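Student: Got a structure for you, written out below as structure tokens; questions coming shortly.
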Amino acid sequence: AFRAAKGLKHDGIIRYGELGNYESTVFFTQEYYKAQSLRHLMDEYLAAGKSFSLTEACQLTIKILEAVQFLHDSEQIHGNLKPENILIGFDGSVKLTDFGIARMVDKQTMTMTGTLLGSPAFMAPEYIAGEPTDHRADIFSFGAMLYQLTTGFLPFQGESPAALLLAITKGKFEPPAKHNPRIHRNISRIIERCMATDPASRYA
């Protein structure tokens, strides 16, 4: 995973340096990037009683999607897209990070190689069901992030991890506009298509 990530050259993806070993400790270097995570930024807004405007949310997600598109064009899957792994620079730039569970994918079928365990709140239902997984799992995770960015709520919730996973597999969530009536219907459609339970119903 590290070797694959090291070869990525894109402004929206954190750059990795060298892999080394010092006194039996394996380490790697990466680009120094003065930023805060999207999760931290969202928590700050929440603490201040504010929320992202739809314009801010869309500007952020366009930058995230450009990096995700580059990943998929490079035959890779991130596999763990979530606000904690999106870095927002103080100049407004965006970078994806944490490729610890990312995997190379087969060039012909875009099928995942290896087992992935993402973050439950943003995990695609096919992960949970143990079904074949491809790049469309990232699209699902992106949709869940956009839902939270524009509404302030996670689309799926549960009193326990098992209940949360069950809610995701059932694919039932409140329409985004119920939490935020200002959301344009086209944004709601994008979110709902990204989060379709059947990967074939998501964006290709």
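The values are calculated or read from the model by the stated rules, or taken from the named source; none is laboratory data. This structure is a prediction, so every number in the text was calculated from the model and none was measured. Because the Cβ atoms are built from the backbone with ideal geometry, glycine has one as well, and the counts that use them run over all protein chains shown. Side chains included, ligands, DNA and RNA excluded: accessible areas come from the protein's heavy atoms. Shrake-Rupley method; radii C 1.70, N 1.55, O 1.52, S 1.80 Å.
Student: When segment 86-130 is examined, which residues are found to be assigned to a loop (DSSP other than H, G, I, E, B), more than 29 Å from residue 52 (Cβ to Cβ) and modelled with pLDDT of 65 or more?
Tutor: Pass one, segment 86-130, residues assigned to a loop (DSSP other than H, G, I, E, B): 90-93, 97-102, 106-110, 113-119, 123-124, 130.
Now restrict to residues that are more than 29 Å from residue 52 (Cβ to Cβ): 106-110, 113-115, 130.
Across segment 86-130, the qualifying residue is only 130.
Student: Consider segment 57-83. How many of its residues are farther than 13 Å from residue 135 by Cβ and open to solvent by 70 Å² or more (accessible area, probe 1.4 Å)?
Tutor: Final tally of qualifying residues: 4.
Student: So which residues in segment 56-79 are touching a residue at least 40 places away in the same chain (Cβ under 8 Å) and in a loop (DSSP other than H, G, I, E, B)?
Tutor: Within segment 56-79, 74, 78, 79 qualify.
Conditions tested, residue by residue: (1) buried (at least 16 other Cβ atoms within 10 Å of the Cβ); (2) part of a loop (DSSP other than H, G, I, E, B); (3) in contact (Cβ under 8 Å) with a residue 60 or more places away in the chain.
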position: 148; (1), (2), (3): yes, no, yes
position: 159; (1), (2), (3): no, yes, no
position: 163; (1), (2), (3): no, no, no
position: 181; (1), (2), (3): no, yes, no
position: 186; (1), (2), (3): no, no, no
position: 197; (1), (2), (3): yes, yes, yes
